[in-house]
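Visitor: Before I ask anything, let me first share the structure, which is written out below as structure tokens.
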Amino acid sequence: MEELTYRDRRGTNSNKWNHLTGRFTREGLLGLWVADMDFAAPACVREALRRKVDFGVFGYDTAPDSYYEAFIRWEKTYHGYAVQRDWLRYSPGVVAAFNWFVQLFTQPGDGVLVQTPVYYPFLSAATDNGCRLICSELVNTDGVYTIDFADFERKLAEERVKVFLLCSPHNPVGRVWRREELERMLSLCRQYGVRVIADEIHHDFTYGEPSHIPTATVGDYDDMLVTLTAPSKTFNLAGLKTSVIIIPDPELRKSWDAYTGKLHTDSGNSFGVTAAEAAYTGGRPWLDQVLRTVRGNYEILRTELLPRKPDLRLSPLEGTYLAWLDLGAYVRPDQMVDVVEGKCGLAVDYGSWFGGNAATHIRVNLATRPENIRQAADALAEHL
């Protein structure tokens, strides 16, 4: 079985590890923020890329049928989602895609609904595109997050919402939405004429039950729903800029094709396509090891940090490879940077970046070697 290979990424221009002073107070912090992994990509991916490099010609390519077939097979095998070839479109990234869909589906002044705390590019996808950011705060009960459906419906009804950006599994709180939750959200969006953009980039990161349910499989919502995903999180390929858009509805596809035709973004990165096909074909054993490692790293926080700081709140890890911790029993919001960076030496995502009532939270990337998580746990236990 292929072993995971940890790479020390210091000095490699890694966003997570290098050039930190653009966002943090100093260099040399333990990099636990940006959601990519510190593991070398699967051997099958590296070998496929080596063959392409050895061939030596890097001109214009067309994605082969085998690339689409590999993705379709993956979705059917691991998520029960029967995707069709003509539904698929390319984007260089999920963030670019949901920004483009906001532009396509809205006019200036329209409302874009998100569920805070949420992956912070969701917030700017509304404001950067001339829309009003409408936030429906998730309900936090001792670290377990649920949907406030009364507030959700009220915002849909009163705020001229045209787009709902759904994060599934939810980043950063780690929730895997249940079928009944997805059905209720989609039904309400149908009732109020709201289109849904489902970001499912973390869909391969669940840990037993509950399993991820593709939003598009819970009912007949094709005419109002698009799904975004990618091999980037699953196989650590973010730098290869290859994401997948699933648009089952022919009218929505026609609108998307007309929009992107003006942007000239219909063809992708040939290295990204090569890597994705190899990963979807042969990368499952590698991913299984990643899932075990991530779950083990979460257990380090649960069993080694929580007993030493029992009032810390660690949200259950149902999905993603990101831990969500509330330090509020020990640290005030105005102390967060001094304690987390100055005393603990950690570079993490701060809860304040995600909107909502999360000023004393941090998001910790678990896709790294256990030694790094143990170091972070020891630092937090000592300095909180």
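Visitor: Quick one: 3J(HN,Hα) in Hz for the stretch 281-293, Karplus 6.51/-1.76/1.60 with θ = phi - 60°, rounded, Gly and Pro as x.
Guide: Along the stretch 281-293, the couplings run 8, x, x, 4, x, 5, 4, 4, 5, 4, 4, 5, 5 Hz.
Visitor: For ILE246, what accessible area in Å² do you get when you roll a 1.4 Å probe over the heavy atoms of the protein chains, rounding to the nearest 10?
Guide: Number for this one is 0 Å².
Visitor: Moving to a separate point now. For the chain, what is the relative contact order in percent, using Cα pairs closer than 8 Å and at least 6 residues apart in sequence?
Guide: Values: 706 pairs, mean separation 90.6, N = 384.
Here the relative contact order equals 24 percent.
Visitor: Compute the semi-axes of the equivalent ellipsoid of the chain, taking the square root of 5 times each eigenvalue of the Cα gyration tensor, and list them largest first in whole Å.
Guide: Working: eigenvalues 197, 155, 71 Å².
Listed largest to smallest, the semi-axes of the chain are 31, 28, 19 Å.
Visitor: Distance in nm between label sites at VAL144 and VAL53, each 7 Å beyond Cα in the beta-carbon direction?
Guide: If labels sit at VAL144 and VAL53, their model points lie 4.8 nm apart.
Visitor: If you plug each phi of the stretch 170-185 into the Karplus form 6.51 cos²θ - 1.76 cosθ + 1.60 with θ = phi - 60°, what whole-Hz ³J(HN,Hα) values come out, in order, with x for Gly and Pro?
Guide: After applying 6.51 cos²θ - 1.76 cosθ + 1.60, I find 7, 9, x, 7, x, 7, 9, 5, 7, 4, 5, 5, 5, 4, 5, 4 Hz.
Visitor: Still on this structure: State the antiparallel share, in %, of DSSP beta bridges confined to the chain, rounding to the nearest 5. Kindly include the intermediate steps, with their values, before the conclusion.
Guide: Working: 21 of 39 bridges.
Taking every DSSP beta bridge with both residues in the chain, the antiparallel ones total about 55 percent.
Visitor: Over the residues of the stretch 52-119, compute the C-alpha Rg and express it relative to 2.2 N^0.38 Å. Write out the running numbers ahead of the final one.
Guide: On the way: Rg = 17.3 Å, N = 68, 2.2 N^0.38 = 10.9 Å.
The reported ratio for this selection is 1.58.
Visitor: At a Förster radius of 45 Å, what calculated FRET efficiency corresponds to the Cβ-Cβ distance of ASP266 and GLU158, to the nearest 0.05? Working shown, then result.
Guide: Details: r = 38 Å, r/R0 = 0.85.
Once rounded, the FRET efficiency stands at 0.75.
Visitor: Calculate, in nm to one decimal, what GLU251 and GLU371 gain on full extension: separation in residues at 0.36 nm each, minus their alpha carbon distance. Show your work: numbers first, answer last.
Guide: Working: separation 120, 0.36 × 120 = 43.20 nm, distance 5.05 nm.
Full extension from GLU251 to GLU371 adds 38.2 nm.
Visitor: Using alpha-carbon positions, what is the distance between the centroids of the stretch 51-116 and the stretch 6-22, in Å?
Guide: One Cα centre to the other: 27 Å.
Visitor: While we're here: A 27 angstrom limit on the alpha carbon distance is what I want to check against. Which of LYS76/LYS233; LYS52/LYS254; LYS76/LYS254; LYS162/LYS254; LYS241/LYS343 exceed it?
Guide: Working: LYS76/LYS233 19 Å; LYS52/LYS254 33 Å; LYS76/LYS254 25 Å; LYS162/LYS254 19 Å; LYS241/LYS343 36 Å.
From the list (LYS76/LYS233; LYS52/LYS254; LYS76/LYS254; LYS162/LYS254; LYS241/LYS343), the Cα-Cα distance tops 27 Å for LYS52/LYS254; LYS241/LYS343.
Visitor: Suppose every Lys and Arg Cβ carries +1 and every Asp and Glu Cβ carries -1, with no other charges. What dipole size does the chain come out with about its Cα centre, to the nearest 20 debye?
Guide: In total the dipole reaches around 580 debye.
Visitor: Between ARG46 and LYS76, what is the spin-label point distance in nm, taking each point 7 Å from the Cα along the Cα→C-beta axis?
Guide: Result: 3.2 nm between the two label points.
Visitor: Mind checking the dipole of the stretch 1-130: about its Cα centre, +1 per Lys or Arg Cβ, -1 per Asp or Glu Cβ, Debye to the nearest 20?
Guide: Numbers: 14 positive and 15 negative charges, 55 e Å.
The calculation lands at about 260 debye.
Visitor: In Å², and per residue, what accessible area does the chain have when probed at 1.4 Å with the other protein chains present?
Guide: Normalised by residue count, the accessible surface of the chain is 41 Å².
Visitor: Of all the accessible heavy-atom surface of the stretch 149-200, with the other protein chains kept in place and a 1.4 Å probe, what percent is carbon and sulfur? Mind dumping the intermediate values first?
Guide: On the way: 730 of 1900 Å².
About 38 percent, which is the carbon plus sulfur part of the accessible surface.
Visitor: How much FRET efficiency would the formula 1/(1 + (r/R0)^6) give for ASP220 and ALA381, where r is the Cβ-Cβ distance and R0 is 51 Å, rounded to 0.05?
Guide: Numbers: r = 50 Å, r/R0 = 0.99.
Plugging the Cβ-Cβ distance into 1/(1 + (r/R0)^6) gives 0.50.
Visitor: Further, regarding this structure: Among the chymotrypsin sites (Phe, Trp or Tyr not before Pro) within the stretch 1-103, which fall in a DSSP loop and have no more than 14 other Cβ atoms within 10 Å of their own Cβ? List each step's numbers first, then the result.
Guide: Numbers: sites: TYR6, TRP17, PHE24, TRP33, PHE39, PHE55, PHE58, TYR60, TYR67, TYR68, PHE71, TRP74, TYR78, TYR81, TRP87, TYR90, PHE98, TRP100, PHE101; in loops: TRP17, PHE24, TRP33, PHE58, TYR60, TYR81.
Hits after loop and neighbour filter: PHE58, TYR60.
Visitor: A further question follows. Can you give the calculated 222 nm mean residue ellipticity of the chain, where each DSSP H run of n ≥ 4 adds -39,500 (n - 2.57) and the sum is split over every residue, rounded to the nearest 500 deg cm²/dmol?
Guide: Values: 11 runs with 133 residues, N = 384.
Roughly -11000 deg cm²/dmol at 222 nm, from the helical runs in the chain.
The values are calculated or read from the model by the stated rules, or taken from the named source; none is laboratory data. Everything quoted here is computed from the prediction, not taken from an experiment. Note: ideal-geometry Cβ built from the backbone for every residue, glycine included; neighbour counts use all protein chains shown. Please note that ligands, DNA and RNA were not included when accessible areas were found on the heavy atoms of the full protein model with its side chains. Shrake-Rupley method; radii C 1.70, N 1.55, O 1.52, S 1.80 Å.
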